[in-house]
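K.L.:
Below is one structure. I have some questions about it.
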Amino acid sequence: MAFALTYGTSRTLVRMRLAAFRHALEDQFRRSWIVTGGFVGLALAGGTLWVAARGDHDTLVVVLGLWMLGWVVGPLFAGGGDETLKPEYFTMIPLPPRTLSTGLLVAALAGVAPAISLIALLSLVVASGGVVAGLVAVPALVLQLLCFVLASRLAVAVYGVLLQVRAGAVIAALVNAFILAFAAQGWALIVAFVSTDVQGAFATAARIAPSGWGLVAVESAGRGEWLQAVGLLLGLAVLALAMLVAWSALLVRRTTVSLTGRKPRRVLAARSPEGAAAAKELRSWTRDLLYGHRAVFAIAYGLFFCLMPLAIGVKSMLPWAGPAAVVMAGSMAANLYGADGTAFWTTLMTPGSSRPDVRARQRAFLLVFGPSTLLITLVLTWWSGVTSAWPLVLSVLPALLGGAAGLVVACSVYAAVPTTDAHKRSGNPLNSGENEGETMGIVYVMLVLVATTCAPALVVALYTGWWGVPVGVASGVLAWWYFGRVAARRLDVRGPELLTLLRHGRSPAEQAKKTAGLDALPRWRRTLAGFCLGFGAIPLFPQALVPAIFKLTGNDDTKSWFLALYQDGLWQWVVIAVMAALGLSMYGFGGLTYYRARKRAPGVSVVAAAE
Amino acid sequence: MEQALELVGLTKVFGEQRAVDGVSLTVPAGSFFGVLGPNGAGKTTSLSMAVGLLRPDGGTARIFGVDVWREPTRAKALVGVLPDGLGMPERLTGREVLTYLGLLRGLPEDEVKTRAGELLEVLELDHEDDKQVIGYSTGMRKKLGLAVALLHAPRLLVLDEPFEAVDPVSAATIRTILHRFVAGGGSVVMSSHVMALVEQLCDRVAVVADGKVVAAGTVAEVQAGGSLEDAFVSLVGASTRGAEGLTWLSH
């Protein structure tokens, strides 16, 4: 009976989910996100299969660990993971909690991401190498996939609980920052330890982690150690069951505990329109736990990112913790208007409030991240003892702060991503709409854009030393002022359109307008432009900027995958210049193609006439 | 006679659908004007375009002669708006919302403090003073929205469903406030589904159906002898249902 009910529920929920998916595919804008994500995922899955085919199990187990990491940490960036079916929809249906959560789990499996992970997990079959081990690989990969999806759901539920209290929000931010910084700095550790057995250590750790159990079971079966193989499979099954039970419990909590604001501690004084707007914005940072969570995350990420190499005695990264934190902060705060939702009407209906509102958001951003990153930069640069870094970081930091303060408001106005209004949100504080892909894309784009704002200051500082500081301050002030002005003007002129977007999301007609110019282009040109925008960062940052910084800080003994550092003398600079030029022209070509296409779009001229 | 609000051929197209199709209305100054219509008739869309919240695809709106889409800043100073279903600054308390929006409108600090205090008291929001808006009920949100609309003492109020989800006591308070506002020379435009309320409060009404104005005039003119409800049902061309089918509901 219970089984029949669970089966029936799961079947219906899968049908609901697939119906929603079909509608998403009808929507051109969302379809393009799904297809792009699908291709990236397929490429990654293909890479995993390739690793398995080479028989390199040590690498494979680490790669599988990264897949699981992606499932656990991904939702933090992608707006709480896929929640096409929110548990809140079903609270009034008389179903036992575990039936509902099992149904939701089954429905969660009916998606693009699980399908791609399944392909990646076929690597277990590839790695098995024999018929008998292959037979073990089939249940292993199914259980492994269940564990991936459940770990993701459980992580979201745990974030949900943590983000309801201030301390929890801080802890979640620190843990995430640590995990991500570790993932990013892994290469440094591997490179530095290449003589010792760090790769082996990674592999051992990845075998102990649940993400490796499936592979270890397959390996054991291959060696004929049946007890261990069966034990590990059972272990996976027990783990999945435990996560399912925990998740059900948290779902019950989520749908029965109400989320209201706590009592405000103090009232800030405000006397003018500017002061009022600033006070309003600062309260968001201090009262909304998601804002605080992001702020702590950005700063902690910068710190961890640059402190980790200390483990191997590398102090040269230390001065860059502040700038790294600013870049991360800028990309996390790029949807300020979207996050406020339709409350924007209060600004729109108040004459002359656009400028104070935009400036207040900039001021709040600078208040939160300015003093903190400056302090971090001063202390860590002093500690590092790298005296040559002083002019560099002190040039770059003001440029980045101003650049980020400018770009966050410009991006928030020009590329707002509609979110569900705060009072209508579900019990998942990370989930604020159905635009995960878009949110994620903007985070990436903003990482690149914010980082670029320090380029002039960095170049001047590299050649002339301290002259970089005034250049950095000037470029920061200029970016703050200019982008702020652009954003405020846009709000004045196109405020109603922003409100419509935040209220109704992007209607199919508008998307058609938006992409009409692009659709008129030949397919190869569209693909090439997309490719250039997607991958322009590779020549520009890791192949040009990073080796340049390494060379200038005298840290060029780590070659890693930096092509330039494998050359001799002047040729290093030639390669760096070529790579920088390549990256910039890729961005130039892609950006220009999109820009021209948008100008040509028939819908845009109508809107322009209405201005 | 001076017109408080004029809608001139307002049109809005969403995809294939003409949500609002050439709506023209005039609201004389000093009148209490009701906009009636079934769900999805285009009331909210029309009112949004009338006050500057949604850009029309055609036509325009004038508030006391000031074109909302040519001189939005001047027009918005004259009107107080209560939109339906829009958010509020969630992380502020009611008093803070009023204080900051008042300051943003350039009111002096003391004045804002007095007005915010009085509005919160009259609308019975003052005992929840330490509550952030995110914890407000739907009715409290409506009342706070009304306070925001009244705060700068506008000459025209445009209220979208002001009585929805409001308890009877608060509704009586709001009715009194609105009557005083009109008696003091103000004008009110209000949308509603509740016929009795419109009949009781308004002196003029317009009926909107399928994005078009199907009738407009004084209440007596539109009623044409019968009740407003009968007139409404016959105007929107609907027949009331519910008597047939649904046999499985009986126990």
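Bear in mind that the values in this text are calculations on the coordinates, not laboratory data. None of these values were measured; they are calculated from a predicted model. Glycine gets a Cβ as well: all are built from the backbone with ideal geometry, and neighbour counts include every protein chain shown.
K.L.:
Which aspartates and glutamates does B:LYS12 reach when only Cα atoms under 17 Å apart count, and residues fewer than 8 places away in its own chain are ignored?
P.N.:
Straight-line reach from B:LYS12, under 17 Å: A:GLU497, A:GLU510, A:GLU611, B:ASP21, B:ASP57, B:ASP210.
K.L.:
Tell me what the protein assembly as shown gives for mean residue ellipticity at 222 nm when only DSSP H runs of n ≥ 4 count, each as -39,500 (n - 2.57), the sum divided by the residue total, rounded to 500 deg cm²/dmol.
P.N.:
The helix contribution divided over the protein assembly as shown gives -21500 deg cm²/dmol.
K.L.:
Go ahead and run the numbers for FRET between A:VAL245 and A:LEU290, Cβ-Cβ distance against an R0 of 25 Å, rounding to 0.05.
P.N.:
Result of the calculation: an efficiency of 0.35.
K.L.:
Taking neighbour Cβ counts within 10 Å as the exposure measure, how do A:TYR7, A:TYR587, A:TYR291 sort from fewest upward?
P.N.:
A:TYR7, A:TYR587, A:TYR291
K.L.:
With each label point set 7 Å from Cα along the Cα-Cβ vector, what nm distance links A:ARG525 and A:ILE208?
P.N.:
5.7
K.L.:
Follow-up. Which distance in nm do the two modelled labels at A:ARG489 and A:LEU584 give, with both placed 7 Å along the Cα-to-Cβ direction?
P.N.:
2.5
K.L.:
Report the residues of region A:372-404 in range of a label on A:LEU366: point 7 Å along Cα→C-beta, backbone N strictly under 19 Å from it.
P.N.:
Residues A:372-378, A:394-404 fall inside that zone.
K.L.:
List every residue whose amide H lies under 5 Å from the amide H of B:VAL166, counting only residues 5 or more places away in sequence or on a different chain, with H placed 1.01 Å from N in the peptide plane.
P.N.:
none
K.L.:
Continuing with this model, one more query. If one computes P(r) from the Cα atoms of region A:2-256, what percent of pairs lie at distances over 23 Å?
P.N.:
Distances greater than 23 Å cover 56 percent of the Cα pairs.
K.L.:
Another question about this same structure. How large is the charge dipole for the protein assembly as shown, taken about the Cα centre, if only the Cβ atoms of Lys, Arg (+1) and Asp, Glu (-1) carry charge, to the nearest 20 debye?
P.N.:
Dipole magnitude for the protein assembly as shown comes out near 980 debye.
K.L.:
Restricting to bridges with both residues inside the protein assembly as shown, how much of the DSSP beta-bridge set is antiparallel, in percent to the nearest 5?
P.N.:
Looking only at bridges with both residues in the protein assembly as shown, the antiparallel portion is about 55 percent.
K.L.:
Sticking with the crude label model, points 7 Å out along Cα→Cβ, report the distance from B:LEU197 to A:VAL230 in nm, one decimal please.
P.N.:
About 7.0 nm separates the two model spin labels.
K.L.:
A further question on this structure: Quick one: go through region B:21-49 and flag any residue whose amide nitrogen is under 20 Å from the point 7 Å out along the Cα-to-Cβ line of B:ARG241.
P.N.:
In region B:21-49, the label zone of B:ARG241 (backbone N under 20 Å from the point 7 Å along Cα→Cβ) covers B:37-42.
K.L.:
Can you give the charge dipole size of chain B about its Cα centre, rounded to the nearest 20 debye, using +1 on the beta carbon of Lys and Arg and -1 on the beta carbon of Asp and Glu?
P.N.:
Dipole magnitude for chain B comes out near 520 debye.
K.L.:
For region B:3-238, evaluate the Debye formula with one uniform point scatterer on each Cα (no solvent term) and list log10 I(q)/I(0) at q = 0.09, 0.17 Å⁻¹, rounded to two decimals.
P.N.:
Normalising to I(0) and taking log10 leaves -0.37, -1.29.
K.L.:
Say R0 is 22 Å: what FRET efficiency, to the nearest 0.05, do A:LEU42 and A:LEU18 get from their beta-carbon distance?
P.N.:
Calculated value: 0.65.
K.L.:
For each pair in B:LYS43/B:LYS113; A:LYS280/B:LYS131; A:LYS86/B:LYS43, compute the distance between the two Cα atoms and list the pairs where it is over 23 Å.
P.N.:
Long pairs (Cα-Cα over 23 Å): B:LYS43/B:LYS113; A:LYS86/B:LYS43.
K.L.:
Once the mean 1/r over all distinct Cα pairs of the protein assembly as shown is inverted, what Kirkwood radius in angstroms do you read off?
P.N.:
Result for the protein assembly as shown, one decimal place: 30.1 Å.
K.L.:
Quick one: order A:THR420, B:THR44, B:THR114 by neighbouring beta-carbon count within 10 Å, fewest to most.
P.N.:
Arranged by neighbour count, lowest to highest, A:THR420, B:THR44, B:THR114 become B:THR114, A:THR420, B:THR44.
K.L.:
With a cut-off of at most 10 other beta carbons within 10 Å, and DSSP calling the residue loop, which chymotrypsin sites (Phe, Trp or Tyr not before Pro) in region A:444-492 qualify? Please list them.
P.N.:
Sparse-neighbourhood loop chymotrypsin sites (Phe, Trp or Tyr not before Pro): none present.
K.L.:
Only counting other Cβ atoms within 10 Å, I'd like B:ARG91, A:ARG31, B:ARG180 sorted with the fewest neighbours first.
P.N.:
Ordered by Cβ neighbours within 10 Å, fewest first: B:ARG180, A:ARG31, B:ARG91.
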